[in-house]
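None of the figures in this text is laboratory data; all of them are computed from the coordinates on show. Remember, predicted model here, so these are calculated numbers, not experimental data. All Cβ positions, even for glycine, are placed from backbone atoms using ideal geometry, and neighbour counts span all protein chains on display.
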Amino acid sequence: MAADPVLIARLDELVGLFNRKSMDIPDGLFDRRTQFLLNGTAFEAMLGRAADDPLVLMIARGPAGYRFAVKALQHALPDARVQRGEIEDADGPGQPIAVSLWLSGHVRGQGQPLETVGRVHVTVGTTGAVTRADAVFDPAVVEILGAARLRA
């Protein structure tokens, strides 16, 4: 099943906004329940509190969850840039599409260049909004970013 051109346009707009360091999000891309994951682990679990805690859900889901992740990434890679690559179509309705992303920048506190490619598996609901986005990156890269995020 081919990826929805409206979804692709919204994702491309999001990439452009990210590269301009904007926290704006294209209308209709995420709703308040959109779940974000990194290498299969939900953001709620990363916060160390119950997944049904209302405060955790308010921070980890929807537009707030996206902004939470982006701020952490931009802190770890102050000059972070993303480029969208190929899109692998969904196998059927309700199945995720896979979007390749090139991430580059310089690691905070080291100046070391970082370039990596990851995939984001995006599931879209009946309203056209993303219901789930699972970013999959090399765990070694995630560790480098995690350490850089802790630097002042």
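Local charge for PRO63 was computed over the other residues whose Cβ lies under 15 Å away, with Lys and Arg +1 and Asp and Glu -1, and equals +3. In loop segments of segment 21-101 as defined by DSSP, there are no trypsin sites (Lys or Arg not before Pro) with at most 10 further C-beta atoms inside 10 Å of their C-beta. For the chain, the gyration tensor built on C-alpha atoms gives an oblate shape. Its axis ratio a/c (a ≥ b ≥ c) is at least 1.5, and a/b is not larger than b/c.
Under the classification rounded if a/c is under 1.5, otherwise prolate if a/b is larger than b/c and oblate if not, where does segment 37-106 fall, given a ≥ b ≥ c as square roots of the Cα gyration tensor eigenvalues? The shape class here is oblate.
Using Cβ point charges alone (K and R +1, D and E -1), the dipole size of segment 60-134 about the Cα centre works out to roughly 440 debye. Contact order for segment 91-152, expressed relative to its length and based on alpha carbon pairs under 8 Å spaced 6+ residues apart, stands at 30 percent.
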